[in-house]
Amino acid sequence: MSGLVVFVGAGPGSADLITLRGARWLARADVVLADALADPALRELAPRARWVDVGKRGFGRAVAQARIDAMLVDEARRHAVVVRLKGGDPSVFGRLEEELQALQRAGIACEVVPGVTAALAAAADLQRPLTRRGRGRSVALTTAVTADGDLGAGRHADTEVFYMAGRQLGALGRALRAAGWPAETPVAVVSRAGAPDHVASSHRLDGLAQAALLHAGRPAVVTVGVGAAAVAPAPRRAVPDRADMSDIGRTAITAP
């Protein structure tokens, strides 16, 4: 009888961004197949599990997807609980579809536990909401480079967040200009979003290439558009004078 495979979103940076449900599944795991970007501190949450690194690193060493699929099936046939630990959220650029299909073909049950994706962690690090009332009603999540190696730049929403963009900043900026984004469009770059050592920088779109050196060698997300703009100072409200305040809370009573 096969066991259960649980896909757990580890969050993008610090171990404490994992959900309570994800932590509980790690505590029950017999085997953990972990992505490269998962915080090593998460091992402490899985004291009885065998930990296997199946991480993919951009432009570097990677375990083939077919090999990961086969490992999931094999481990599930030998253990009660297998956790597939994915950086960020499993459903966002996490190759979840292929792994679900492999388990379905093998008749193995699974569950998906969501996690904090890098776009949300970057917005939190910057304190810049991705949506804004009246002017930021849509958000698009996009990979900077497609499976064929093409630059996936376009204009699809009020705010667009590009993943895996760290090595493509100059080219991305030029492609976004060609796609119709104005030169003065606000852009924010956050590398290692959600981690204590995250680095953030703000730019105009026509100056995005300047961020390349600052974020070199670090996984980065690029936010473009409304959600990249700094929050404007709140307008000061008029303070009533003492004469006006003396009437606050009084109730007029009319004699019969």
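Rule-based calculations on the coordinates, nothing more; no lab input. Computed from a predicted model, the values in this text were never measured in an experiment. Neighbour counts run over all protein chains shown; Cβ positions are idealised from the backbone, glycine included.
Here are the numbers for this structure:
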{"quantity": "Helix-only [θ]222 nm of the chain, DSSP H runs n ≥ 4, -39500 (n - 2.57) each, per residue, nearest 500", "calculated": "-6500 deg cm²/dmol"}
{"quantity": "Alpha-carbon Debye profile of region 1-143, log10 I(q)/I(0) at 0.10 Å⁻¹", "calculated": "-0.35"}
{"quantity": "Packing-based ranking, highest mean first, of 26-37, 167-178 given that Cβ atoms within 10 Å are counted", "calculated": "26-37, 167-178"}
{"quantity": "Förster radius 22 Å - calculated FRET efficiency between Ala109 and Gln65, Cβ distance, rounded to 0.05", "calculated": "0.55"}
{"quantity": "(1) 20.7, 81; (2) 30.3, 114; (3) 23.6, 89, with the label sought being that of the calculated Rg and Dmax of the Cα atoms in Å", "calculated": "(3)"}
{"quantity": "Directionally averaged projected area (convex hull, Cα atoms, region 174-213), nm²", "calculated": "3.0"}
{"quantity": "Approximate spin-label separation Arg177-Trp51, in nm, with each point projected 7 Å along Cα-to-Cβ", "calculated": "4.5"}
{"quantity": "Per residue convex hull volume, Cα atoms of region 113-221, in Å³", "calculated": "114"}
{"quantity": "Highest-first arrangement of 9-20, 134-145, where packing means the average Cβ count within 10 Å", "calculated": "9-20, 134-145"}
